[in-house]
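The structure under discussion appears below in the form of structure tokens.
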2 protein chains.
Amino acid sequence: MSRDRQLHLGAFMRPVGIHTAWWRYPGGYPDANFNFEHLTHFARRLEAAKFDAFFMADHLAVMNMPVAALRRSATVTSFDPLTLLPALAALTSRIGLIATASTTYNEPYHVARKFASLDHISKGRAGWNLVTSGNPDEALNFGRDAHLDHAVRYARAREFYDVVTGLWDSWADDAFLMDPESGLFFDPDKLHVLDHTGEFLKVKGPLNVARPVQGWPVIVQAGASEAGKQIAAATAEMVFGASPTLEAAQAYYADVKGRMPALGRDPDHLKILPGALVILGETEAEAQAKRARLDDLVHPDSGLANLSVRLGVDASGFDLDAPLPEIPETNASKSSQAQLLDYARRTGATVRDLARKVGAYAGLHFVGTPAQVADRMEEWLDGRGCDGFNVMFPFVPEGLDDVVDTLVPELQRRGLFRRDYAGTTLRDHLGLPRPPNRFFASQATGRA
Amino acid sequence: MSRDRQLHLGAFMRPVGIHTAWWRYPGGYPDANFNFEHLTHFARRLEAAKFDAFFMADHLAVMNMPVAALRRSATVTSFDPLTLLPALAALTSRIGLIATASTTYNEPYHVARKFASLDHISKGRAGWNLVTSGNPDEALNFGRDAHLDHAVRYARAREFYDVVTGLWDSWADDAFLMDPESGLFFDPDKLHVLDHTGEFLKVKGPLNVARPVQGWPVIVQAGASEAGKQIAAATAEMVFGASPTLEAAQAYYADVKGRMPALGRDPDHLKILPGALVILGETEAEAQAKRARLDDLVHPDSGLANLSVRLGVDASGFDLDAPLPEIPETNASKSSQAQLLDYARRTGATVRDLARKVGAYAGLHFVGTPAQVADRMEEWLDGRGCDGFNVMFPFVPEGLDDVVDTLVPELQRRGLFRRDYAGTTLRDHLGLPRPPNRFFASQATGRA
């Protein structure tokens, strides 16, 4: 059985486990986040299961937390995503490959080149998760004393997007003649020099890479703040920010997609795939037991550190048994902070409760049997809460194997997920059109 | 037969042919510079031939030349080296992988991360060709109106090197415990925070990647100017700048290696591998005929453009049949300009002569039978003109196949080149020690 709308599934792989204690789970690979053979194995398993994409987030610093917590974090050594994904591109053939790259501490010429190169090497499987840097310690690694202000980061991100996509359009798709007889390598009429000068960026161009196979790599975003939602509606083709409940997700889905027609975009050209931690068991009790076992492995030092990151203030001195003190608005990721403050207000949770909650992973999660989790996913899809999910694994390899071996077949049986890839590019998998080249109108009819 | 000193051989692969007309040669691959399957095939052939390294140069712009010449250039679309090499790392197991990265238009944190990641993914095969940007058009892609001054570029490069190597030393080799039982992922006593503040750069650290397999990726440089030679003597482990004659090469070799003891370095810890174009035939006449055929494919537009780049001034209006006019000292690569001006003065060549000469590739070249070329290489090695060569191919695949199938076996018969790899890392191939970690003295005894 097949359906009109099917789920899209990404795999959120950096870190390989979002839960603080993933690397301590019995029988797991403690080094999985930094082991190329393991990551290759995971990418191949996910490709065999027909996942849309393998998604590597990024941070341009060791995460900012006290050393007591830091020394318990498996994220301190990780591959640069744009170095890892080309290697995985060479060892896979279909799965999409999404990397995070910050618009705050990068140059657009570098970003445009690297994603264009990855898209060519992977034959059209690249996606760019466009972020503004949310980790304040990143500023210190790039010559600054403090983080750029939230509004400035978003304004720069918007201009950065224009420059990168403009550089991708430097060459018409049929610019290259490569004709040994005449000695003409390209047609100069099919080369465009961007010559951009804006508020934040000045970039001449052209890019020294042919137009990407996909026209542009797929544009991915997380933004859930007001500024984040607006830039997503204007530019994103996949969004992975997660709402904690179906109701909140439905509101988010309607909000962001509702902004698109006024911006001249078809709402179908943005796929909303919330991140979701998935823990499976043969019975619901078994799944819950796995979760409890994992949560028990979170050290209190780690919980307080996660709380500090989420709040944007140092929580290590807070009274564990008191309610959360007043928190000033900070320059941290606003949506993440607001969500947690709202939860604290609603529930009257103590600092200890909150530390355990965020230490153990406080975001959207589905825990149950394959049928139960499939029910929830179907409910979210049909309820227009999402177009699919970016699945996060509780531990590896077991948690990933559970999804591939038990959940995916259940989704396929229900006609909720593909049994094979219909195309070869990430745009094909996601059902996204190939963008026309803005400088060469005759190119508008791509293979979309 | 084996010898005390053997040749080291790198393959200079971007562009895959250094000669302007390489892509027009009959029977060749016109798209080889931008075809991942071809590049993979070449890397594997070179690995089977036991080459030390596969070397990708880089430019952060389309080369600056008039469109009449540019449209004849095969370099306008090329992969970003640090995106290509991870993909090739996944498909090879022994050959070294060297990428150029500019210190002028990059951030040291990005450069340190990417090379550290490549070194881990390739299991110790990465090399960094540290350059200052020589192409004036690069400035325009990175927010500047004009190129940084030569002296400033070199001063920044020196500081950049200190920061990148300092970031590579962020973690002791045995920092990572990854102990699920205790929940300790690393030992905080084995983490060093660089906290660098210098004239050009401010970088906190630590790097979020474990210390590279090789300690540091191999440091490569080309510098032939006075500033370039001094920084090479202080920091380089491979140099590939080419002198046009054995006498000049001997002087260069003695000069750079002679500076090293005063800098506290063993001259054996720098390998000098000049770039050399190699054209082979079964007879000398056949090799010369290949060369003439290739030179005949250079269009005059390309010759004048190459001349402009070499001189750092626009030569397109020069009288073709007059001698070279007076050329002001420019901000271009000084050594390259000086060499050509010297040649023009010595020979009284016309502009047309010079355009043909540089269009057709004016640098070091060996043209002849395998035995003749092996003789020349042996002479250079034994005469202390070099420690080996970075071979440049006149066209592909034929020119590369000739080297692998006829020259390498000849060198092996003479005991001048290895028949198999003795180790697994690029440092192993080059006979270079593993650098001690400057912040963790107990690590000084690496596997060098």
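The values are calculated or read from the model by the stated rules, or taken from the named source; none is laboratory data. None of the values given here were measured: they were computed from a predicted structure. In this analysis, Cβ positions are derived from the backbone assuming ideal geometry, glycine residues included, and neighbour counts consider all displayed protein chains. Heavy atoms of the whole protein, side chains included, go into the accessibility calculation; ligands, DNA and RNA do not. Shrake-Rupley method; radii C 1.70, N 1.55, O 1.52, S 1.80 Å.
Only residues that are open to solvent by less than 10 Å² (accessible area, probe 1.4 Å) and farther than 11 Å from A:N135 by Cβ were counted in the stretch A:46-72, giving 9. Residues of the stretch B:82-100 that are surrounded by fewer than 22 Cβ atoms within 10 Å (Cβ to Cβ) and within 23 Å of B:D162 (Cα to Cα): B:T100 alone.
Given the condition within 14 Å of chain A (Cβ to nearest Cβ), farther than 28 Å from B:P136 by Cβ, of a type in the set (S, T, N, Q) and in contact (Cβ under 8 Å) with a residue 40 or more places away in the chain, answer yes or no: does some residue in the stretch B:40-60 qualify? Yes, there is a match, as at least one residue in the stretch B:40-60 is within 14 Å of chain A (Cβ to nearest Cβ), farther than 28 Å from B:P136 by Cβ, of a type in the set (S, T, N, Q) and in contact (Cβ under 8 Å) with a residue 40 or more places away in the chain.
Which of the residues belonging to the stretch A:113-138 are of a type outside the set (S, T, Y), part of a helix (DSSP H, G or I) and buried (at least 20 other Cβ atoms within 10 Å of the Cβ)? If the condition is that a residue be of a type outside the set (S, T, Y), part of a helix (DSSP H, G or I) and buried (at least 20 other Cβ atoms within 10 Å of the Cβ), then A:R113, A:K114, A:F115, A:A116, A:L118, A:D119, A:H120, A:I121, A:E138 are the ones that fit.
Taking each residue of the stretch A:399-423 that is open to solvent by less than 40 Å² (accessible area, probe 1.4 Å) and looking for partners that are of a type in the set (V, I, T) with beta-carbon atoms closer than 7 Å, six or more apart or interchain, yields A:G399/A:I279; A:V403/A:V278; A:V403/A:V391; A:L407/A:V278; A:L407/A:V373; A:F417/A:V408.
Checking the structure you have, find out if any residue of the stretch A:98-117 is of a type in the set (A, V, I, L, M) and in contact with a Gly (Cβ under 6 Å, 6 or more places away or on another chain). Walk me through it before giving the result.
First, the residues of the stretch A:98-117 that are of a type in the set (A, V, I, L, M): A:98-99, A:101, A:111-112, A:116.
Of the ones still in play, those that are also in contact with a Gly (Cβ under 6 Å, 6 or more places away or on another chain) are A:98.
Checked the stretch A:98-117: at least one residue is of a type in the set (A, V, I, L, M) and in contact with a Gly (Cβ under 6 Å, 6 or more places away or on another chain).
Entry remark, the stretch B:293-311: residues being without any contact (Cβ under 8 Å) to a residue 60 or more places away in the chain, open to solvent by less than 50 Å² (accessible area, probe 1.4 Å) and out of contact with any Lys or Arg (no Cβ under 9 Å at 6 or more places or on another chain) number 1 in total. Only residues that are open to solvent by less than 30 Å² (accessible area, probe 1.4 Å) and within 9 Å of another protein chain (Cβ to nearest Cβ) were counted across the stretch A:168-210, and they come to 14.
Just one of (1) in a loop (DSSP other than H, G, I, E, B); (2) open to solvent by 10 Å² or more (accessible area, probe 1.4 Å) fails for B:G215. It is (2).
The single residue among A:A360, A:A338 that is closer than 22 Å to A:K229 by Cβ and either open to solvent by less than 10 Å² (accessible area, probe 1.4 Å) or under 21 Å from the mean Cα position of the chain (by Cα) (or both) turns out to be A:A338. Please go through the stretch B:292-314 and give me each residue that is within 14 Å of chain A (Cβ to nearest Cβ) and not in a helix (DSSP H, G or I), ordered by number. Passing the criteria: B:L297, B:V298, B:H299. Of the listed requirements (1) within 12 Å of another protein chain (Cβ to nearest Cβ); (2) of a type outside the set (S, T, N, Q); (3) surrounded by fewer than 21 Cβ atoms within 10 Å (Cβ to Cβ), B:H150 misses just one: (1). Pairing residues of the stretch B:79-93 that are more than 7 Å from chain A (Cβ to nearest Cβ) with residues that are acidic (D, E), at Cβ distances under 8 Å and at least 6 apart in sequence or on separate chains, gives B:P81/B:D58; B:T92/B:E47; B:S93/B:E47. Restricting attention to the stretch A:16-45 and to residues that are among the β-branched types (V, I, T) and within 17 Å of A:V278 (Cα to Cα), the residue that is most open to solvent (accessible area, probe 1.4 Å) turns out to be A:I18.
Checking the structure you have, find out if any residue of the stretch A:30-37 is part of a helix (DSSP H, G or I), in the same structural domain as A:V404 (by TED's automatic domain parsing) and touching a strand residue (DSSP E or B) at 6+ places or on another chain (Cβ under 6 Å).
If we filter the stretch A:30-37 for residues that are part of a helix (DSSP H, G or I), which is where we start, we get A:32-34, A:36-37.
Subset that is in the same structural domain as A:V404 (by TED's automatic domain parsing): A:32-34, A:36-37.
Applying the additional criterion that residues be touching a strand residue (DSSP E or B) at 6+ places or on another chain (Cβ under 6 Å) yields A:32-33.
So far as the stretch A:30-37 goes, yes, one or more of its residues are part of a helix (DSSP H, G or I), in the same structural domain as A:V404 (by TED's automatic domain parsing) and touching a strand residue (DSSP E or B) at 6+ places or on another chain (Cβ under 6 Å).
Suppose the filter is surrounded by fewer than 21 Cβ atoms within 10 Å (Cβ to Cβ), out of contact with any strand residue (DSSP E or B) (no Cβ under 8 Å at 6 or more places or on another chain) and within 14 Å of chain B (Cβ to nearest Cβ); does A:D268 pass it? Steps first, please.
Numbers: surrounded by fewer than 21 Cβ atoms within 10 Å (Cβ to Cβ): yes; out of contact with any strand residue (DSSP E or B) (no Cβ under 8 Å at 6 or more places or on another chain): yes; within 14 Å of chain B (Cβ to nearest Cβ): no.
Taking the combined requirement at face value, the residue does not satisfy it.
When residues in the stretch A:402-448 are screened for being modelled with pLDDT under 95 and touching a Pro at 6+ places or on another chain (Cβ under 7 Å), 4 of them pass.
Restricting attention to the stretch A:94-108, report how many residues are part of a strand (DSSP E or B) and either more than 12 Å from every other protein chain (Cβ to nearest Cβ) or free of Cβ contacts under 8 Å to residues at least 60 places away in the same chain (or both).
Within the stretch A:94-108, the subset part of a strand (DSSP E or B) is A:96-102.
Checking the rest, the ones that are also either more than 12 Å from every other protein chain (Cβ to nearest Cβ) or free of Cβ contacts under 8 Å to residues at least 60 places away in the same chain (or both) come to A:96, A:98-102.
Matching residues across the stretch A:94-108 total 6.
So which residues in the stretch B:211-234 are β-branched (V, I, T), over 15 Å from the mean Cα position of the chain (by Cα) and away from chain A (no Cβ under 14 Å)? Step through it out loud before you land on a result.
Going through the stretch B:211-234, the residues β-branched (V, I, T) turn out to be B:213, B:218-220, B:231.
Next cut, over 15 Å from the mean Cα position of the chain (by Cα) only: B:213, B:231.
Once the filter is applied, which keeps residues that are β-branched (V, I, T), over 15 Å from the mean Cα position of the chain (by Cα) and away from chain A (no Cβ under 14 Å), the stretch B:211-234 yields only B:I231.
Within the stretch B:2-19, is even one residue more than 12 Å from every other protein chain (Cβ to nearest Cβ), of a type in the set (S, T, Y), more than 19 Å from the chain's Cα centre (by Cα) and farther than 19 Å from B:V298 by Cβ? Break it down into steps so the answer makes sense when it comes.
Filtering the stretch B:2-19 for residues more than 12 Å from every other protein chain (Cβ to nearest Cβ) gives B:2-13, B:16-19.
Next, only the ones that are of a type in the set (S, T, Y) stay: B:2.
Filter again for more than 19 Å from the chain's Cα centre (by Cα), leaving B:2.
Now restrict to residues that are farther than 19 Å from B:V298 by Cβ: B:2.
Yes, the conditions are met somewhere in the stretch B:2-19.
This table checks each residue for (1) in a loop (DSSP other than H, G, I, E, B); (2) of a type outside the set (A, V, I, L, M, F, W, C); (3) assigned by TED's automatic domain parsing to the domain that holds A:M392; (4) more than 24 Å from A:L426 (Cβ to Cβ).
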site: A:L39; (1), (2), (3), (4): no, no, yes, no
site: A:R44; (1), (2), (3), (4): no, yes, yes, no
site: A:F55; (1), (2), (3), (4): no, no, yes, no
site: A:H59; (1), (2), (3), (4): yes, yes, yes, no
site: A:M63; (1), (2), (3), (4): yes, no, yes, yes
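Just checking, how many residues over the stretch B:237-248 are buried (at least 21 other Cβ atoms within 10 Å of the Cβ) and either in contact (Cβ under 8 Å) with a residue 40 or more places away in the chain or closer than 30 Å to B:F185 by Cβ (or both)? Talk me through it step by step, then tell me what you get.
Taking the stretch B:237-248 as the starting set, the residues that turn out to be buried (at least 21 other Cβ atoms within 10 Å of the Cβ) are B:237-243.
After this cut, where a residue has to be either in contact (Cβ under 8 Å) with a residue 40 or more places away in the chain or closer than 30 Å to B:F185 by Cβ (or both) as well, the list is B:237-238, B:240-243.
Of the residues in the stretch B:237-248, 6 are buried (at least 21 other Cβ atoms within 10 Å of the Cβ) and either in contact (Cβ under 8 Å) with a residue 40 or more places away in the chain or closer than 30 Å to B:F185 by Cβ (or both).
Within the stretch A:65-78, if we keep just the residues that are in contact with a strand residue (DSSP E or B) (Cβ under 9 Å, 6 or more places away or on another chain) and assigned to a helix (DSSP H, G or I), the residue that is farthest from the other protein chains (Cβ to nearest Cβ) turns out to be A:L70.
Do the conditions hold for B:D31, that is, is it under 15 Å from the mean Cα position of the chain (by Cα), at pLDDT 95 or above, closer than 21 Å to A:L191 by Cβ and facing chain A (nearest Cβ under 7 Å)?
Values: under 15 Å from the mean Cα position of the chain (by Cα): no; at pLDDT 95 or above: yes; closer than 21 Å to A:L191 by Cβ: yes; facing chain A (nearest Cβ under 7 Å): yes.
Against the criterion (under 15 Å from the mean Cα position of the chain (by Cα), at pLDDT 95 or above, closer than 21 Å to A:L191 by Cβ and facing chain A (nearest Cβ under 7 Å)), B:D31 does not qualify.
Collect the residues in the stretch B:310-337 that are aliphatic (A, V, I, L, M) and at pLDDT 85 or above, keeping them in residue-number order. Of everything in the stretch B:310-337, those that are aliphatic (A, V, I, L, M) and at pLDDT 85 or above turn out to be B:L311, B:V313, B:A315, B:L320, B:A322, B:L324, B:I327.
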